[in-house]
Structures are given as C-alpha cells and as structure tokens.
Amino acid sequence: MQTKLKGKDFITTQDWTVEEIETIIALAEELKLAKATGRKTPWLDAKTLYMIFFDSSTRTRNSFETGITQLGGHGIFLSPDKMQISHGENARDTANVLSRYGDAIAVRHCALGEGNPYIRDLAEHADIPVISMQCDIYHPCQILADYLTIKEKFSGRTKGLKLGVAWTSAPNYVRPLSVPQSLILMMPRMGIDVTLAYPPEFKLMPEIEEQARANACAAGSSFEITDNFEDAFEDADMVIPKSWGPLMTTTDTPEGLSLIEKYPSWRCDAEKMALAKDHCLYMHPLPADRGREVTNEVIDGPNSVVYDEAENRLHVQKALMALTM
Ligand code: CP
C-alpha cells in the first residue's frame with residue numbers, strides 16, 4: 001500500500017504505480033462499506049473541488065459532486081461558458097487562481113488534440129491536484145470503477161482473467177477513444193489478459209496500443225488486437241463492447257458517422273455472449289445505445305453489471321479525492 005499521495009495529479013493511470021492504484025481500490029472498498037453501513041466519512045471537511053465540464057455528463061458529474069459532499073467537502077460545477085475561459089482566459093491563470101481558493105480541480109475535456117494538453121497545462125500551473133474526468137486520450141476514473149467491479153465479481157482473483165474490449169456500431173455522434181485506451185493501458189498491468197477487437201478504420205492511437213503491449217509484457221499478461229468481433233467474446237470472463245469514433249482514420253464527422261454505419265453487425269447480443277464463459281460479465285461505462293450497441297436482453301440480463309460499474313464510480317473517486325486532496 002502506498003499512501004503518500006497528497007497533491008498527486010490523476011490524469012492517466014500510467015502516472016500511477018500498480019501499488020498506488022491498488023491503494024485507491026482498497027480505500028474505495030472501505031468507503032463503499034462505510035456508506036452501506038451509514039458510517040460518516042467527513043475526511044475532506046470544508047475542502048472544495050472545482051469541476052470544469054467542457055462536455056456533458058450524467059455519471060461523472062453526479063458521482064464527483066455526491067462524493068465530495070459525502071466526504072464533508074463541497075463541489076462547484078463549472079463550464080467554460082460560465083467562466084472566463086469563454087473569453088480566452090488560459091489554463092495557467094485559471095489554475096493559479098483556483099489554487100488560491102480551493103483544494104482540487106477536476107476537468108472533462110474530450111476535444112481531440114485539445115483535452116489532454118489543456119488538463120496537463122492546468123496541472124503544470126496548479127498547486128492543488130488535478131483530476132481528469134475524461135479527456136481525448138484517457139478516462140482513468142472509469143477504468144478504476146471497472147477494475148473494482150471485476151475485483152468484486154471475481155472475489156479479488158483478477159489475474160489471468162480474459163477481458164474482451166470490442167468496438168460496437170453506435171450512431172448519432174462520434175465517441176472519444178478514451179475508454180478503450182484507458183482499458184488497454186491499465187487492465188494488463190493488473191494481470192488481466194485483454195483482447196481488443198475493432199474494424200480496420202477504428203484503430204486507437206498507435207502510441208497507446210504500443211504502451212499497452214509494453215504494459216502487458218512487463219506484467220506477464222497478454223494484449224492482442226483483432227479485426228474479428230467474435231474474438232473478444234471467445235472464452236471471455238468479462239466483455240466491454242463499446243463504440244468509439246474512427247478518429248485515427250478521419251476527423252470529418254459525416255465521414256466518421258458513415259464509417260460507423262458500415263458495421264451494423266458489431267453489436268453485443270445473446271449469441272455473442274454465448275461465445276464467452278457462462279459467468280462472463282457484460283460491462284459498459286454508459287451511456288449505451290440500446291438496440292445498436294447492445295440488445296436489451298443482454299444489458300438488462302443476469303450477466304450485466306452496468307449499474308455496479310456506475311455505482312463504483314462514486315466509491316473510487318471518493319477514495320481518489322480522500323488520498324490526493
Ligand atoms: N461513463 C461516463 O463517464 O458517464 P458520463 O458521460 O455520463 O459521465
């Protein structure tokens with residue numbers, strides 16, 4: 001257990017050791033039990049978390065704001081249009097000023113090529129910890145919640161489990177790469193074997209795929225990429241079928257949406273789940289496009305743990321805030 005984490009930024013799990021990640025998970029388990037048994041945990045009394053949302057959210061905003069309240073502190077919901085960011089104030093000035101007032105800054109900024117540099121810029125100039133609530137490259141809080149969920153469902157025995165991460169066809173908007181990228185980076189480090197499936201146009205960032213390979217090699221786990229949807233399900237212990245945009249192929253939105261329409265059969269249904277182990281968990285960070293990404297039968301079925309995952313966002317983020325703020 002590594003507890004010297006006050007002031008540490010959380011932008012990608014790559015900046016955290018496995019021991020530090022396991023510390024967050026251990027504290028999340030303690031906080032989950034405390035909440036279930038009505039024990040108060042006012043560990044961040046009178047502390048303030050600034051939450052800057054460049055993009056919309058249901059789970060992230062509510063779990064962070066509820067979490068800081070349950071820890072005895074206060075969350076302030078901010079968006080660029082309500083701040084001087086809309087008039088061009090830069091990250092340096094925002095970071096310095098908020099550091100004079102409060103105790104942590106959390107940011108969601110998913111614009112490709114802008115989100116991660118903005119969060120890194122804030123972190124460079126802030127004297128208080130900066131937490132990524134999702135950027136164009138990473139969604140680290142989601143993957144902490146996913147890992148806690150897997151750990152719970154397999155009684156702590158996660159090493160050697162097979163996780164299938166599969167692209168799915170979902171219309172209407174181009175989703176970021178951050179969830180699959182953070183999954184392939186962190187899960188192999190925790191000893192989980194990962195199979196990543198996508199059609200050729202839906203590659204992830206090459207440097208992230210390379211890092212995932214290196215992580216798996218260092219941890220003695222496996223990481224494979226395939227263009228066959230079924231491979232992600234074959235003999236899997238858990239699957240995360242989830243859409244993302246063809247952003248490494250095109251940044252033109254109409255072209256991206258038409259590429260998504262090219263693969264309507266990339267959808268999670270009972271037939272695909274039957275390829276996996278009987279106990280295989282169906283996971284999704286939500287929001288899911290019901291009917292397109294997944295059938296109701298699967299997402300509402302006995303193997304689905306999507307609400308456990310969503311709940312665990314609260315517990316892991318409370319642990320993260322308690323350790324860093
Ligand atoms: N999973 C997730 O980040 O959900 P929101 O976009 O609703 O925050």
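Label the range 141-309 by shape, choosing from rounded, prolate and oblate, from the square roots a ≥ b ≥ c of the eigenvalues of the Cα gyration tensor; if a/c is under 1.5 it is rounded, and otherwise prolate applies when a/b is larger than b/c, oblate when it is not.
It is oblate, given that a/c is not under 1.5 and a/b is not larger than b/c.
Pulled fully out, how much extra length does the chain show between Tyr307 and Glu22, if you take 0.36 nm times their separation in residues and subtract their Cα-Cα distance? Show your work: numbers first, answer last.
Values: separation 285, 0.36 × 285 = 102.60 nm, distance 2.19 nm.
Going from the current span to full extension adds 100.4 nm.
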Stretch gain in nm, segment Leu286-Thr37, where the contour uses 0.36 nm per residue and the Cα spacing is subtracted: 86.9 nm
Charge context of Cys217, other residues only, Cβ under 14 angstrom, K/R +1, D/E -1: -2
Note, ³J(HN,Hα) from phi for the range 9-23, Karplus 6.51, -1.76, 1.60, rounded to Hz, x at Gly and Pro: 6, 10, 10, 8, 5, 4, 7, 10, 6, 4, 4, 5, 4, 5, 5
Modelled label reach - Lys8, point 7 Å along Cα→Cβ, the range 126-143 residues with backbone N closer than 19 Å: 126-134, 138-143
Distance from the range 267-325 to the range 1-76 (C-alpha centre basis), Å: 21
Theoretical ellipticity at 222 nm over the chain - DSSP helices of four or more residues, -39500 (n - 2.57) apiece, nearest 500: -12500 deg cm²/dmol
Cross-link pairs Lys40/Lys242; Lys47/Lys242; Lys47/Lys153; Lys82/Lys203; Lys6/Lys151 - those with Cα-Cα distance over 27 Å: Lys40/Lys242; Lys47/Lys242; Lys47/Lys153; Lys82/Lys203
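Laboratory data are not the source of any read-out in this text; all were calculated from the coordinates shown. Given the structure is predicted, the values throughout are model-derived calculations rather than measurements. Virtual Cβ from ideal backbone geometry, glycine too; neighbours counted across all protein chains shown.
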